[in-house]
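The values are calculated or read from the model by the stated rules, or taken from the named source; none is laboratory data. Quantities reported herein were computed from a predicted structural model and do not represent experimental measurements. Cβ placement follows ideal geometry from the backbone for every residue including glycine, while neighbour counts extend to all protein chains displayed. Quick note on the areas: whole protein, heavy atoms, side chains included, nothing else; ligands and nucleic acids left out. Shrake-Rupley method; radii C 1.70, N 1.55, O 1.52, S 1.80 Å.
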Amino acid sequence: MLYPISTESRIVMDLSGVWRFMIDHEEQELDLNQPLPTQELMAVPASFNDQAVLAEIRQHNGYVWYETDFTVAKALHDQRLVLRFGSATHEAWVYVNGKFVVHHKGGFTPFEAEINDHLVSGSNRLTVRISNLLDYSTLPVGNYRETTDENGKLVRKVDENFDFFNYAGLHRPVKIYSTPKSYIEDIVIIPDVDLVNSEADVQVKVKTAGAFDEVKVTIVDEQGQAVATASGADVQLKINDVNLWQPLAAYLYTAKVEGYQNGALVDVYEEPFGVRKIEVTGGKFLLNGESFYFKGFGKHEDTYIRGRGLDEAYNVHDIKLMKKMGANSLRTSHYPYSEEMMRLCDREGIVVIDETPAVGLFSNFNFDISILEKGGDIEDDTWVKMNTTEAHEQVIKELIARDKNHACVVMWSIANEPASFAKGSYEYFAPLFALARELDPQNRPCTFVNIMMALPKADKCTELVDVIALNRYYGWYVQLGDLKTAENKTRQELLEWQTMYPEKPIMYTEYGADTVAGFHSVYGEPFSEEYQEDYYRMNSKVFDEIPNFIGEQLWNFADFQTKFGIVRVQGNKKGIFTRAREPKMVVRYLSERWNSIPHQGYKN
Ligand code: BDP
């Protein structure tokens, strides 16, 4: 799916701004021919939860309404007009002038619809109904229940089966873009680089709709010079003396695609891409033929007031902080991030593990690893209870359709911390890994993120992955305050993985300790800034001993909001930055460490 951009043949209108907003009390049916009966206002894009200063809105579980007005310039009336949502969390029904135009389920991927037939000249009304409900058929997974209040009125309740606040609303830009009636629908770019001769064959496949008698593809370099050109909807172009997309030294080419009719240019689209090679072999992760060491973060799209809404200033700032620390990578934990962030990572050379919103695939979450140390059959009914296959297939399709051309994406993460030790997990995941591998034109490696209880002997799904990605909390959820034992456990487990799967590289995708900024302890007690630093030092020491250990992505970049919980005071405090992006003490230690570890060629 193409990102909406303006070109010589296309115009983008951004509908961001202040919209009307209303909670749906499900009492009477709304007359969609009338404007929403509300005085409440809500900024878009942003979560609705934290804006209004009303508990009723912040904690609402159910349906809400958004509405705005827009006018399309007369000059565009003969163009194809597409209404596009960067995301709507988690389910949306869209109406233009009271008429239904599109429905989409899944809160983190874009969707769109042609709206020409629904438009009137002058002012148009765009109304969106959104649900933030989650259950055992959605991703992420929520524990859903219905009760009634003292007046017999239905009360819906979602208890998040995951550790982040269930922010919802119109989180990403809502746009209308124009194309000519005949238009470029999709572009697939598959670079194949010959590292020895510094040249690349780039296959470009163009999908068009309508009447074109010629499609022309030109590859343009960063200086704006055309370096290769070809005619056809499926072409191979050669780039000599190719500039590689390298971690933190990104080089982006642009594929300029033009569609002609009777010699006249009809539609143009420009897709950025990078040339780089990814290989997983002999326990290493190779980027452009050299072993790559992941240094970086799991994070969240999470800021004050905006909640999970797009904030490009935060995105730019976060990446600058990462680069300053010597980091080179992030995982889009625990859902696809905005397209704006993905384009920024392309530009900044940030290496991305791109994750689906499959989190909470666990019917009985706890950190009791003793159940697994006992061995034998594990009592867990996750794969009987969950009904997420359809949503999972859909989001893999939508994520790969959206992100397939991004240079920054080096691996897909199919899920975070599923019950991969439980009966039925392999049968659930095998077809999903097969689907991702079949759909990705660039054949990127695939993984899922393994939960602490799924120790080497217990896990049933590791066979499916290219890279073993582990979330581990020795020294926090287990062996709290006992870093000596935690160190031994860490070492013992990593060596066990390495022995069992000598060909598969191993990395940490989470490890961390809740730390209250400003809390200090001469004893280095848990929650203190000293403990956080000791915890990271202990882990670093073990990582450096394990040859196949190829990366450390800590948890979390910044403190973030969660649901209430007795171990969550104002959210999760595992950030190495506060929610306001102020550094905790450990940032100095990690900056020194990461700035001294090369991005490539470490542990060769
Ligand atoms: C892991 C989850 C992550 C949590 C983290 C934690 O993947 O979402 O926030 O633990 O407990 O289980 O901090």
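Scan the stretch 533-541 and tell me whether some residue there is under 25 Å from residue 355 (Cα atoms) and of a type in the set (S, T, N, Q).
yes
From the set of residues in the stretch 157-175 that are over 18 Å from residue 309 (Cβ atoms) and assigned to a loop (DSSP other than H, G, I, E, B), which is least open to solvent (accessible area, probe 1.4 Å)?
So the residue we want is 162.
Can you name every residue in the stretch 515-533 that is part of a helix (DSSP H, G or I), touching a strand residue (DSSP E or B) at 6+ places or on another chain (Cβ under 7 Å) and more than 16 Å from the ligand (Cβ to nearest atom)?
Answer for the stretch 515-533, where residues must be part of a helix (DSSP H, G or I), touching a strand residue (DSSP E or B) at 6+ places or on another chain (Cβ under 7 Å) and more than 16 Å from the ligand (Cβ to nearest atom): just 529.
Here is a yes/no grid of residues against (1) within 25 Å of residue 338 (Cβ to Cβ); (2) more than 16 Å from the ligand (Cβ to nearest atom); (3) among the acidic types (Asp, Glu):
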site: 121; (1), (2), (3): no, yes, no
site: 128; (1), (2), (3): yes, yes, no
site: 146; (1), (2), (3): no, yes, yes
site: 149; (1), (2), (3): no, yes, yes
site: 160; (1), (2), (3): yes, no, yes
site: 165; (1), (2), (3): yes, no, no
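Residues 362, 367: which one is open to solvent by less than 10 Å² (accessible area, probe 1.4 Å), within 13 Å of the ligand (Cβ to nearest atom), modelled with pLDDT under 95 and more than 25 Å from residue 252 (Cα to Cα)?
Of 362, 367, the one residue that is open to solvent by less than 10 Å² (accessible area, probe 1.4 Å), within 13 Å of the ligand (Cβ to nearest atom), modelled with pLDDT under 95 and more than 25 Å from residue 252 (Cα to Cα) is 362.
Among the aromatic types (Phe, Trp, Tyr) and surrounded by fewer than 19 Cβ atoms within 10 Å (Cβ to Cβ) - does that describe any residue in the stretch 228-250?
No: the stretch 228-250 contains no residue that is among the aromatic types (Phe, Trp, Tyr) and surrounded by fewer than 19 Cβ atoms within 10 Å (Cβ to Cβ).
Among the numbered criteria (1) at pLDDT 95 or above; (2) open to solvent by less than 10 Å² (accessible area, probe 1.4 Å), which one does residue 313 miss?
(2)
Of the numbered conditions (1) touching a residue at least 60 places away in the same chain (Cβ under 8 Å); (2) at negative phi; (3) within 24 Å of the chain's Cα centre (by Cα), residue 571 fails exactly one; give the number of that condition.
(2)
Only one of these conditions is not met by residue 223: (1) open to solvent by less than 30 Å² (accessible area, probe 1.4 Å); (2) in a loop (DSSP other than H, G, I, E, B). Which number is it?
(1)
So, in the stretch 273-308, how many residues would count as being open to solvent by less than 30 Å² (accessible area, probe 1.4 Å), more than 16 Å from the ligand (Cβ to nearest atom) and farther than 21 Å from residue 347 by Cα?
Total satisfying the criteria: 5.
Does residue 106 qualify as being buried (at least 17 other Cβ atoms within 10 Å of the Cβ) and touching a helix residue (DSSP H, G or I) at 6+ places or on another chain (Cβ under 9 Å)?
For residue 106, the condition - buried (at least 17 other Cβ atoms within 10 Å of the Cβ) and touching a helix residue (DSSP H, G or I) at 6+ places or on another chain (Cβ under 9 Å) - is met.
Residues that are among the hydroxyl-bearing types (Ser, Thr, Tyr), open to solvent by 20 Å² or more (accessible area, probe 1.4 Å) and either touching a residue at least 60 places away in the same chain (Cβ under 8 Å) or outside any helix (DSSP H, G or I) (or both): does the stretch 534-552 have at least one?
No, that holds for no residue.
Mind checking which residues of the stretch 406-421 are more than 16 Å from the ligand (Cβ to nearest atom) and either farther than 30 Å from residue 288 by Cβ or in contact with a helix residue (DSSP H, G or I) (Cβ under 9 Å, 6 or more places away or on another chain) (or both)?
Result: 406, 407, 408, 409, 412.
Does the stretch 29-42 contain at least one residue that is crowded, with 19+ Cβ neighbours inside 10 Å, touching a residue at least 24 places away in the same chain (Cβ under 8 Å) and under 30 Å from residue 400 (Cβ atoms)?
no
Could you tell me whether residue 553 is within 13 Å of the ligand (Cβ to nearest atom) and modelled with pLDDT of 95 or more?
Criteria met by residue 553.
Scanning the stretch 394-404 for residues that are more than 24 Å from residue 285 (Cβ to Cβ) and either among the aliphatic types (A, V, I, L, M) or assigned to a loop (DSSP other than H, G, I, E, B) (or both), which turns out farthest from the ligand (Cβ to nearest atom)?
Once the filter is applied, the top-ranked residue is 401.
Of the residues that sit in the stretch 242-265 and are under 22 Å from residue 295 (Cα atoms) and free of Cβ contacts under 8 Å to residues at least 60 places away in the same chain, which one is nearest to the chain's Cα centre (by Cα)?
Looking at the filtered set, the residue picked out is 251.
Quick one: which residue in 84, 80 is in contact with a Pro (Cβ under 6 Å, 6 or more places away or on another chain) and open to solvent by less than 30 Å² (accessible area, probe 1.4 Å)?
84
Kindly indicate whether any position in the stretch 572-590 is open to solvent by less than 10 Å² (accessible area, probe 1.4 Å), assigned to a helix (DSSP H, G or I) and either within 16 Å of the ligand (Cβ to nearest atom) or modelled with pLDDT under 95 (or both).
yes
Scan the stretch 320-338 for residues that are among the charged types (D, E, K, R) and open to solvent by 10 Å² or more (accessible area, probe 1.4 Å) and jot them down.
Passing the criteria: 320, 323, 324.
Could you list, ordered by first residue, the pairs with Cβ atoms under 8 Å in which the first is in the stretch 476-497 and closer than 16 Å to residue 511 by Cα and the second is among the basic types (Lys, Arg) and modelled with pLDDT of 95 or more, at least 6 apart or interchain?
Sorted first by the residue in the stretch 476-497, then by its partner, the pairs are 478/489; 479/489; 487/541; 490/472; 493/472.
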